[in-house]
């Protein structure tokens, strides 16, 4: 099979960048934890992760209003006599202390800290309130109807992919989903050419955002098979009753 170039929208690219930035942060924390333990055991690793940290944009600098300074929070904590400090409050204080420490060595964080300490810059209150969750009425789909997945010039790929896997009853590859879509959705030439990338993006969103899809690959193969999350064990192994025929 010829290599197919994947194409993503700017939003999808940013979503993927953020996912892998978070993965890098997790790996850095693991390395620091292991390195610290080796240090205590008398076998220092001498691993410097600061070079990787410089490439990361601190998550907490995107909005001034989400950071609560220690002096502002202390007053509120003192009013709660006899009550334990909430975990969320402790976490925010810890983040602020971490920013102050990082500002000593990181110019970008130092600049952010100066902005935070500038009282002439107002904190904008957006008046955001948590929306109440609406009860979603699940419509049982027992067959693929093309018109259900087409909206003007767009195709609801995530809906189609999820329904197709559920109705098939066992994992499928991206190529198999594409070939099925060409027939079932009656795709024109433009949609046929874009189908592989569109399905790949839909699977990415369903797995990373909605957690409704999982996948696996056979040993020695680069081909991934995608199925519904409930078809897998907590360890990520496919249940036997959903094995491919």
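Scoring residue 187 on the criteria (1) more than 27 Å from the chain's Cα centre (by Cα); (2) part of a helix (DSSP H, G or I) leaves a single failure, condition (2). Tell me yes or no: at least one residue of segment 225-237 is modelled with pLDDT under 90 and in contact with a strand residue (DSSP E or B) (Cβ under 9 Å, 6 or more places away or on another chain). Yes, segment 225-237 contains at least one residue that is modelled with pLDDT under 90 and in contact with a strand residue (DSSP E or B) (Cβ under 9 Å, 6 or more places away or on another chain). The number of residues in segment 31-44 being in a helix (DSSP H, G or I) and either surrounded by fewer than 11 Cβ atoms within 10 Å (Cβ to Cβ) or touching a residue at least 40 places away in the same chain (Cβ under 8 Å) (or both) comes to 2.
Could you identify the single residue in 244, 222 that is assigned to a loop (DSSP other than H, G, I, E, B), surrounded by fewer than 19 Cβ atoms within 10 Å (Cβ to Cβ) and over 26 Å from the mean Cα position of the chain (by Cα)? One residue alone meets the criteria, 244.
Within segment 92-121, residues that are surrounded by fewer than 12 Cβ atoms within 10 Å (Cβ to Cβ) reach partners that are outside any helix (DSSP H, G or I) with beta carbons closer than 7 Å, at six or more positions or on different chains, in the pairs 115/121.
State yes or no: is residue 211 under 24 Å from the mean Cα position of the chain (by Cα), outside any strand (DSSP E or B) and at positive phi? Yes: the conditions hold for residue 211.
Taken over segment 192-219, residues that are buried (at least 17 other Cβ atoms within 10 Å of the Cβ) and over 14 Å from residue 174 (Cβ atoms) amount to 1.
The values are calculated or read from the model by the stated rules, or taken from the named source; none is laboratory data. Everything quoted here is computed from the prediction, not taken from an experiment. Positions of Cβ are backbone-derived with ideal geometry, glycine not excepted, and every protein chain shown enters the neighbour counts.
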